[in-house]
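K.L.:
Right, I'll just put the structure down here and ask away after.
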């Protein structure tokens, strides 16, 4: 079973290496990993997907929570959340197939961001199954190159910091919560 987890971490050098190293040393396989700053410059957010049963998920969560740089771990299992993945894909348009590629791009709500003599570069974002479906449809044209960001996720009705004590939060965020 695939699990989506998000970790709110201190924004400092080496945090990502520390977390990925800890997971690798315990033989946890990461299917997807995305990291970036948050609305609060003192924190970064790492969203990752791991495969495994409840026991594996519980081990991952406990190991992460032991790290000093990890402020909170959010498990999205059973939660109402929004997730997205971003992909750039370069597809061949040789043989006059540009209109077919453009039509499928529109159907998947993608966007052509660059046009070459015999290829196009397309941006698509959405749920993982949408991205996978688009990839499958583009194979017949010839995928020249592809890169994906990995999943990012956020709860619909709460924030990851809702139940954190105010002293953990920076002054900017503490003022917003007051």
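FYI, it's all coordinate maths here, none of it is from the lab. Worth saying up front: this structure is predicted, and the values here are computed from it rather than measured. Ideal geometry is used to build each Cβ from the backbone, glycine not excepted, and the neighbour counts take in all protein chains shown.
K.L.:
Residue 68 versus residue 17, label points 7 Å from Cα toward the beta carbon: distance in nm?
P.N.:
1.6 nm
K.L.:
Something else: Tell me the label-point distance for the pair residue 144, residue 117, using the 7 Å Cα-to-Cβ offset, in nm and rounded to one decimal.
P.N.:
The answer from the label model is 1.0 nm.
K.L.:
Where is the GNM fluctuation largest for the chain (alpha-carbon springs, 10 angstrom cutoff): 151, 109, 127?
P.N.:
109
K.L.:
If one takes the longest principal axis of the Cα atoms in the chain, at what angle in degrees, from 0 to 90 and to the nearest 10, does the Cα axis of helix 128-138 lie?
P.N.:
Once rounded, one gets 20 degrees.
K.L.:
Residue separation times 0.36 nm, minus the C-alpha to C-alpha distance between residue 132 and residue 159: what's the value?
P.N.:
Numbers: separation 27, 0.36 × 27 = 9.72 nm, distance 2.85 nm.
Contour length minus Cα-Cα distance gives 6.9 nm.
K.L.:
Relative contact order of region 30-150: what whole-number percent is it, with Cα pairs under 8 angstrom and at least 6 residues apart?
P.N.:
Numbers: 153 pairs, mean separation 32.4, N = 121.
Worked out over region 30-150, it gives 27 percent.
K.L.:
Using the beta-carbon distance between residue 27 and residue 99 and R0 = 35 Å, what value does 1/(1 + (r/R0)^6) give for FRET efficiency, to the nearest 0.05? Spell out each step's value before the answer.
P.N.:
Working: r = 48 Å, r/R0 = 1.37.
Step by step, r from the Cβ atoms, then E = 0.15.
K.L.:
Separate question: As a footprinting exposure proxy, order 72, 62 by other Cβ within 10 Å, with the fewest listed first.
P.N.:
Working: 72 17, 62 10.
Neighbour counts put them in this order, fewest first: 62, 72.
K.L.:
For residue 77 and residue 51 in one chain, what is 0.36 nm times their gap in residues minus the Cα-Cα distance, to one decimal in nm?
P.N.:
Values: separation 26, 0.36 × 26 = 9.36 nm, distance 1.25 nm.
That works out to 8.1 nm of additional length.
K.L.:
Answer rounded, prolate or oblate for region 12-54, using the Cα gyration tensor with square roots of eigenvalues a ≥ b ≥ c: rounded when a/c is under 1.5, else prolate when a/b is larger than b/c, else oblate. Mind showing how you got there, number by number?
P.N.:
On the way: a/c = 3.11, a/b = 1.71, b/c = 1.82.
Oblate shape, in that a/c is at least 1.5 and b/c is the bigger or equal ratio.
K.L.:
Something else now. To test your reading of the geometry: what angle, between 0 and 90 degrees and rounded to tens, separates the Cα axis of helix 98-107 from the longest principal axis of the chain?
P.N.:
For helix 98-107, the angle is close to 40 degrees.
K.L.:
Moving to a separate point now. Is the C-alpha gyration tensor of the chain telling us rounded, prolate or oblate? Criteria: a/c under 1.5 is rounded; beyond that, a/b larger than b/c is prolate, otherwise oblate. Provide the component values of the computation, followed by the final result.
P.N.:
Working: a/c = 2.47, a/b = 1.95, b/c = 1.27.
Prolate, since a/c reaches 1.5 and a/b exceeds b/c.
K.L.:
OK, next. Going by C-beta contacts inside 10 Å, put 100, 80 in order with the fewest on the left. Mind showing how you got there, number by number?
P.N.:
Values: 100 14, 80 9.
Going from least to most buried by this count: 80, 100.
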